[in-house]
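Q: Have a look at the structure that comes next, please.
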Amino acid sequence: MIGPVNIRGSRVSPCRASEVEYFLSAPATYGGAVVQRIDTHISTLFLVGDRVFKMKKAVLLPFLDFTTLAARKAACEAELEINRRASPDLYRGVRAVTRAPGGGLEMDGPGEAVEWVVEMRRFDQDSLFDRLARGGALDRARVNELTGAVAEFHRRAPIRRDRGGVKGLDWTITTNRRSMLEQSPAILPRAEIDDLAEASLVALACYGPRLEARREGGFVRQCHGDLHLGNICLWQGRPTLFDAIEFSEDIACIDVIYDLAFLLMDLDHRGARQQANWVMNHYLDLTCDFAGIAPMPLYLSARAGVRAHVTATTAAAAQGAERESLSLDARSYLSAAISYLTPPAPRLLAVGGLSGSGKSRMGRELAPFLAVPGAAVVRSDSLRKHLAGLPIHERLGADGYTAEATERTYQCLYETCAGLLADGHSAVADAVFAMPEQRAAIEEVASRAGVRFDGLWLEAPPDVSAERILERKANVSDATPDVLRRQLGYDLGAIAWTRIDSSPPKDVTLAAGRAALGV
């Protein structure tokens with residue numbers, strides 16, 4: 001039970017913050033239960049039993065104003081509404097901290113409200129994805145589940161053509177700079193802050209037309225806005241997004257790929273570029289939104305800039321070793337934000353081979369070495385499903401594999417890779433490429449773009465390939481051992497691409513692929 005607690009006579013200051021904090025952190029408030037407190041730069045959380053009470057801090061920052069009770073109440077109500085879209089089971093409601101008749105405080109009493117809090121269900125902190133990442137628990141299956149949750153959240157998010165675009169990113173760049181300057185020179189170097197702002201505006205001018213086309217096309221939506229690993233947990237065994245931005249439409253109403261970029265940047269900054277590339281490419285498999293990748297350098301940079309000033313603000317309030325550690329992290333984010341704006345030159349890798357040869361795995365594993373946060377993998381299997389209007393894990397009928405359908409699929413693959421290269425992003429073309437003219441066509445894509453091309457041809461004994469096909473789970477490919485047997489009768493023609501025997505262990509095969517690419 002949450003009842004009245006009178007703090008008169010205590011040594012706690014009578015100001016609003018201290019009084020409410022004492023009430024929410026006192027075991028007596030909850031019948032003697034143990035209370036754990038967690039502070040962020042804008043909120044204080046009180047964890048007790050199976051519940052969490054989240055209070056907004058009365059702070060004024062360049063991107064929010066929580067200085068009035070009315071503003072904090074509105075933010076609590078907005079948080080409940082927005083987050084129930086992704087995690088309805090976690091968010092229980094908005095509660096009022098009220099003045100009790102005897103002068104103390106109570107929850108949802110008849111007296112005047114002195115504060116508002118969001119009540120949530122408590123989850124195991126070890127289920128947070130930042131902790132799972134540190135523990136090496138983000139395998140591809142879990143990463144794909146997470147990516148599916150993000151893609152579905154974006155699919156259902158309201159379209160906001162009145163936000164985002166050039167104006168939205170300009171606001172972010174300006175706000176990042178202003179927020180960083182508040183922690184300069186004590187934590188963040190002024191020269192680097194200025195360099196980042198200048199380079200970001202140059203990038204914004206470059207990507208401006210694409211940003212506006214995306215906004216007009218409905219890709220700006222009311223997104224999560226703060227999609228880093230610390231705002232994702234496993235709830236009832238499923239990846240669950242929580243703590244979406246409720247206080248600023250400038251932050252939350254953004255391009256869906258910019259929303260995704262926070263997760264990609266967070267993984268990359270933690271040394272998990274492979275997982276970041278898995279996320280990006282599974283998202284592309286699910287959505288076919290390759291056109292959204294063009295501004296990725298700016299998106300990653302802006303996201304690192306956000307973490308730089310948020311971490312610096314947290315460091316400024318810390319002491320001793322914690323302050324120094326957070327300061328180093330903030331400077332690391334700032335350096336990353338600058339480096340993201342100078343991506344490597346684009347290149348094209350094509351990986352071919354009969355079904356079960358391991359070509360898709362090879363393309364996926366090599367992609368993180370070719371770009372930041374990795375090359376975009378363009379899979380003929382996924383494109384074929386999208387062209388047929390089917391979800392990628394739904395099997396196609398025979399009409400999906402006619403000569404005409406195959407020609408249409410390969411043409412889409414060539415055009416998608418050409419678009420990525422024109423946008424300055426590396427691509428991996430993943431298809432069987434059994435016909436000489438198909439291999440010639442993908443080479444021509446690289447030639448026209450003026451970029452480096454590499455072709456790998458993977459092969460394995462038929463029995464090994466057939467066994468791999470039978471072992472597949474939740475795979476986009478519809479190939480069966482019968483399909484493989486038909487492919488074995490193809491006239492492949494002369495294969496000039498680097499041939500790799502994929503029957504050895506995975507690490508040996510990947511090493512051969514890396515050696516062929518020089519990465």
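Q: Quick one: Val464 ticks every box in (1) touching a residue at least 60 places away in the same chain (Cβ under 8 Å); (2) surrounded by fewer than 18 Cβ atoms within 10 Å (Cβ to Cβ); (3) within 31 Å of the chain's Cα centre (by Cα) except a single one, so which number is it?
A: (3)
Q: In region 348-363, what residues are over 24 Å from the mean Cα position of the chain (by Cα) and of a type outside the set (A, V, I, L, M, F, W, C)?
A: Gly352, Gly353, Ser355, Gly356, Ser357, Gly358, Lys359
Q: Residue under question is Ala496, and the condition is that it be loosely packed, with under 13 Cβ neighbours inside 10 Å and over 30 Å from the mean Cα position of the chain (by Cα); does it hold?
A: yes
Q: Hey, can you tell me all the residues within region 235-248 that are crowded, with 20+ Cβ neighbours inside 10 Å and more than 23 Å from Val117 (Cα to Cα)?
A: Across region 235-248, the qualifying residue is only Pro239.
Q: Can I ask one more? Could you please find all residues in region 22-60 being surrounded by 17 or more Cβ atoms within 10 Å (Cβ to Cβ), part of a strand (DSSP E or B) and of a type outside the set (A, V, I, L, M, F, W, C)?
A: Scanning region 22-60 gives Ser43, Thr44, Lys54, Lys56.
Q: While we're here: Could you identify the single residue in Glu415, Glu324 that is surrounded by fewer than 16 Cβ atoms within 10 Å (Cβ to Cβ), among the acidic types (Asp, Glu) and within 30 Å of His41 (Cα to Cα)?
A: After ruling out the rest, the residue left standing is Glu324.
Q: Need the failing condition index for Phe123 against (1) out of contact with any Cys (no Cβ under 7 Å at 6 or more places or on another chain); (2) of a type in the set (Phe, Trp, Tyr); (3) within 22 Å of Leu229 (Cα to Cα), just the number.
A: Against the list (1) out of contact with any Cys (no Cβ under 7 Å at 6 or more places or on another chain); (2) of a type in the set (Phe, Trp, Tyr); (3) within 22 Å of Leu229 (Cα to Cα), Phe123 comes up short only on (1).
Q: Report yes if Gly374 is crowded, with 24+ Cβ neighbours inside 10 Å and part of a loop (DSSP other than H, G, I, E, B), otherwise no.
A: yes
Q: Could you tell me which of the residues Arg99, Arg122 is free of Cβ contacts under 8 Å to residues at least 24 places away in the same chain and in contact with a Leu (Cβ under 8 Å, 6 or more places away or on another chain)?
A: Matching residue, one of Arg99, Arg122: Arg99.
Q: If a residue must be within 23 Å of Tyr91 (Cα to Cα), assigned to a strand (DSSP E or B) and not polar (S, T, N, Q), how many such residues does region 239-279 contain?
A: Of the residues in that region, 3 qualify.
Q: Can you go through Ala440, Ala474, Ala494, Ala427 and tell me which one is in contact with a helix residue (DSSP H, G or I) (Cβ under 8 Å, 6 or more places away or on another chain), of a type in the set (Gly, Ala, Ser) and under 27 Å from Ala345 (Cα atoms)?
A: Matching residue, one of Ala440, Ala474, Ala494, Ala427: Ala427.
Q: Checking the structure you have, find out if any residue of region 347-366 is outside any helix (DSSP H, G or I) and surrounded by fewer than 23 Cβ atoms within 10 Å (Cβ to Cβ).
A: For region 347-366, residues outside any helix (DSSP H, G or I) and surrounded by fewer than 23 Cβ atoms within 10 Å (Cβ to Cβ): present.
Q: Follow-up. Any idea which of Arg214, Arg163, Arg178 is among the charged types (D, E, K, R) and outside any helix (DSSP H, G or I)?
A: Going through Arg214, Arg163, Arg178 in turn, just one is among the charged types (D, E, K, R) and outside any helix (DSSP H, G or I): Arg163.
Q: Across region 418-456, which residue is nearest to Leu383 (Cα to Cα) among those that are buried (at least 19 other Cβ atoms within 10 Å of the Cβ) and more than 32 Å from the chain's Cα centre (by Cα)?
A: The qualifying residue nearest to Leu383 (Cα to Cα) is Gln438.
Q: Let me ask something else about it. Any idea how many residues of region 448-468 are touching a strand residue (DSSP E or B) at 6+ places or on another chain (Cβ under 7 Å), closer than 24 Å to Arg408 by Cα and not aliphatic (A, V, I, L, M)?
A: The qualifying residues number 4.
Q: Inspect all residues belonging to region 26-48 and state whether any of them is touching a Cys at 6+ places or on another chain (Cβ under 8 Å) and outside the structural domain of Val150 (by TED's automatic domain parsing).
A: no
Q: Among the residues of region 205-225, is there at least one that is within 11 Å of the chain's Cα centre (by Cα), within 25 Å of Phe129 (Cα to Cα) and at pLDDT 95 or above?
A: Looking through region 205-225, at least one residue is within 11 Å of the chain's Cα centre (by Cα), within 25 Å of Phe129 (Cα to Cα) and at pLDDT 95 or above.
Q: Which members of region 82-93 meet the condition of being under 26 Å from Val114 (Cβ atoms), hydrophobic (A, V, I, L, M, F, W, C) and in contact with a strand residue (DSSP E or B) (Cβ under 6 Å, 6 or more places away or on another chain)?
A: Once the filter is applied, which keeps residues that are under 26 Å from Val114 (Cβ atoms), hydrophobic (A, V, I, L, M, F, W, C) and in contact with a strand residue (DSSP E or B) (Cβ under 6 Å, 6 or more places away or on another chain), region 82-93 yields only Leu90.
Q: Quick check on Ile469: is it over 27 Å from Leu286 (Cα atoms), among the β-branched types (Val, Ile, Thr) and surrounded by 11 or more Cβ atoms within 10 Å (Cβ to Cβ)?
A: no
Q: Residues of region 282-321 being closer than 20 Å to Pro62 by Cα, of a type in the set (Gly, Ala, Ser) and buried (at least 17 other Cβ atoms within 10 Å of the Cβ), which ones?
A: Answer for region 282-321, where residues must be closer than 20 Å to Pro62 by Cα, of a type in the set (Gly, Ala, Ser) and buried (at least 17 other Cβ atoms within 10 Å of the Cβ): Ser301, Ala302, Ala304, Gly305, Ala308, Ala312, Ala315.
The values are calculated or read from the model by the stated rules, or taken from the named source; none is laboratory data. Everything numeric in this text was worked out from a predicted model, so none of it was measured. Backbone-built Cβ (ideal geometry, glycine too); neighbour counts: all protein chains shown.
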